[in-house]
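Working notes, structure below.
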């Protein structure tokens, strides 16, 4: 009887509610050539490890090749999945093969960015501090002024951060699904 109780206890312990977060590892993300406050949410997401909480580790760079890009002009084969500055002034796009083959990774990146940008709107000074900590040559006063003007445009008229319209070269379901999973 004791053995049965012990086995039952071990079985129940093994069926606990502990969930492991999927780990997709490092995720390079190419940014536009010039630094602007429209990137504040990215830097806040990495500083506060919102990306790591989603199982990705964003690697921000200004040049190079990557499956994810923050751009105003997505290259061929890069599918727009989220608007940073709507409607199409600055978007996140992802390589179409990655989107098809690893949608969970794409959702993880979008959830991290949605959280980072939402917090940047709530805590603009902290967002600028996150940027200048990672970009020591950045002009804090200029970025603060830009953020004051830009932050409200990220969600103006949108049902949630990152919403995009349907259309060719777009997947409007990604930002919507990520938003629903966050809430």
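The set of residues from segment 131-148 being loosely packed, with under 14 Cβ neighbours inside 10 Å and part of a loop (DSSP other than H, G, I, E, B) comprises 136, 137, 139. The test for being in contact with a helix residue (DSSP H, G or I) (Cβ under 6 Å, 6 or more places away or on another chain), within 19 Å of residue 165 (Cα to Cα) and crowded, with 21+ Cβ neighbours inside 10 Å does not hold for residue 69. Quick one: would you say residue 49 is within 24 Å of residue 26 (Cα to Cα) and free of Cβ contacts under 8 Å to residues at least 24 places away in the same chain? So residue 49 passes the test. Quick check, is residue 152 part of a helix (DSSP H, G or I), out of contact with any strand residue (DSSP E or B) (no Cβ under 8 Å at 6 or more places or on another chain) and closer than 12 Å to residue 86 by Cβ? Yes. Consider segment 149-183 and keep the residues that are in contact (Cβ under 8 Å) with a residue 40 or more places away in the chain and closer than 12 Å to residue 115 by Cα. The one that is surrounded by the fewest Cβ atoms within 10 Å (Cβ to Cβ) is 181.
Each reported figure results from applying straightforward, stated rules to the coordinates on display, with no laboratory input. Predicted model, so just to flag it, every value in this text is computed and none were measured. Positions of Cβ are backbone-derived with ideal geometry, glycine not excepted, and every protein chain shown enters the neighbour counts.
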